[in-house]
1. Condition first: free of Cβ contacts under 8 Å to residues at least 24 places away in the same chain and either part of a loop (DSSP other than H, G, I, E, B) or within 19 Å of the chain's Cα centre (by Cα) (or both). Now tell me which residues in the stretch 73-98 satisfy that.
2. Any idea which residue in the stretch 108-152 is farthest from residue 7 (Cα to Cα), counting only those that are of a type in the set (A, V, I, L, M) and assigned to a helix (DSSP H, G or I)?
3. Among the numbered criteria (1) open to solvent by less than 70 Å² (accessible area, probe 1.4 Å); (2) modelled with pLDDT of 90 or more, which one does residue 78 miss?
4. Would the stretch 171-193 turn up any residue that is at pLDDT 80 or above and closer than 30 Å to residue 13 by Cα?
5. What's the number of the only condition in (1) open to solvent by 50 Å² or more (accessible area, probe 1.4 Å); (2) under 16 Å from residue 159 (Cβ atoms); (3) assigned by the TED database to the domain that holds residue 154 that residue 69 fails to meet?
6. Any residue that is open to solvent by 40 Å² or more (accessible area, probe 1.4 Å), closer than 30 Å to residue 221 by Cα and touching a residue at least 60 places away in the same chain (Cβ under 8 Å) - is there at least one of those in the stretch 160-170?
7. Any residue in the stretch 10-26 that's surrounded by fewer than 18 Cβ atoms within 10 Å (Cβ to Cβ): show its pairings with residues that are of a type in the set (S, T, N, Q) at Cβ separation under 7 Å, as long as the two are six or more apart or on different chains.
Amino acid sequence: MVAPSPLIEVPATPEYVLAVLREKSRQEWGKAYCQPPKVVPLTLDSPVEMLYEACDLIDDMNIYFYPMEWFGFEYVEWRDALGCREIKTARDFCEVIASLISLPRIPLVSFCGKPCQPASVFLTVRSLLQDAGVDVKQIAPSTPLKEFTRHYTETFLGPIARLAPGSLPDVEIDEGSKFLRQFIRDIWGIPVLLAYFYTFFHPDSYPGLFGCMVSIYLFLILITVGDEKAPPVDVEFGDLRTFRDLSNLLASRAVFQS
């Protein structure tokens, strides 16, 4: 297959912004709590407080900084855009964001003279992964998603999900035993501290106690040193297993342009 054309960027709409907000908040909730969020009925004409509740924007800090992170605009432009608009409804909030971003449309490619939407999505997904640093030469429609969702989770939750907001199933992330190891490492600092004080006040009792405790602590640090940057053990989106599955799903709701 030939390399895809770049995404076609057109002015964003409040409807698109609302869909992205709900998509991002749903996936972020799933990452944090491993379960679907509560469903809050919401339209563009709903009070903005309902939007904040539906998107789990629980305080002013979240309201201000989450959209910056999710949509990728700069602090100054976001600050200035919010400052000159009275926000009463979800539409008001989404219109401010829409003025700062664009809506991606997928270039529609043809094979054997016939336009093919899933193939167009596949090529665009490959292009987005390439932008994230992936060597995409070996990616075919039958290629399993597993290793790519593990190592490039935020690309799937960000640019790829924004191709058709609301299409991806809830993300399921398995971090393995990483957090347990980190918890044991952190909690072990308490007995190390107690052993230090005990040895300081009772230098003749249990010789080598403090050294033994410190050795265990250093071992725990050693085995967890790369955990913060290590990818999850597994990242799944429902029943999606291959790039073909993903392309067919996104094609059902994506916007195309010839």
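1. Selection gives 74, 84, 85, 86.
2. In the first step, residues of the stretch 108-152 are kept if they are of a type in the set (A, V, I, L, M); the result is 108-109, 119, 121, 123, 125, 128-129, 132, 134, 136, 139-140, 145.
If we keep only those that are assigned to a helix (DSSP H, G or I) too, we end up with 119, 121, 123, 125, 128-129, 136.
On the way: 119: 14, 121: 10, 123: 10, 125: 10, 128: 9, 129: 13, 136: 17 Å.
Checked the stretch 108-152; the qualifying residue farthest from residue 7 (Cα to Cα) is 136.
3. With respect to (1) open to solvent by less than 70 Å² (accessible area, probe 1.4 Å); (2) modelled with pLDDT of 90 or more, residue 78 is out only on (2).
4. Yes, because at least one residue in the stretch 171-193 is at pLDDT 80 or above and closer than 30 Å to residue 13 by Cα.
5. Of (1) open to solvent by 50 Å² or more (accessible area, probe 1.4 Å); (2) under 16 Å from residue 159 (Cβ atoms); (3) assigned by the TED database to the domain that holds residue 154, only one is false for residue 69: (3).
6. no
7. Pairs that qualify, where the first residue is surrounded by fewer than 18 Cβ atoms within 10 Å (Cβ to Cβ) and the partner is of a type in the set (S, T, N, Q), are 10/102; 11/102.
Matching residues to (1) open to solvent by less than 70 Å² (accessible area, probe 1.4 Å); (2) more than 24 Å from the chain's Cα centre (by Cα):
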residue	(1), (2)
126	yes, no
134	yes, no
148	yes, no
194	no, yes
211	yes, yes
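The values are calculated or read from the model by the stated rules, or taken from the named source; none is laboratory data. If you're wondering where the values come from, they're calculated on a predicted model, not measured in any experiment. Neighbour counts are summed over all protein chains in view; Cβ atoms, including those assigned to glycine, are modelled from backbone coordinates with ideal geometry. Side chains are part of the model used for accessible areas, which takes the heavy atoms of the whole protein and leaves out ligands, DNA and RNA. Shrake-Rupley method; radii C 1.70, N 1.55, O 1.52, S 1.80 Å.
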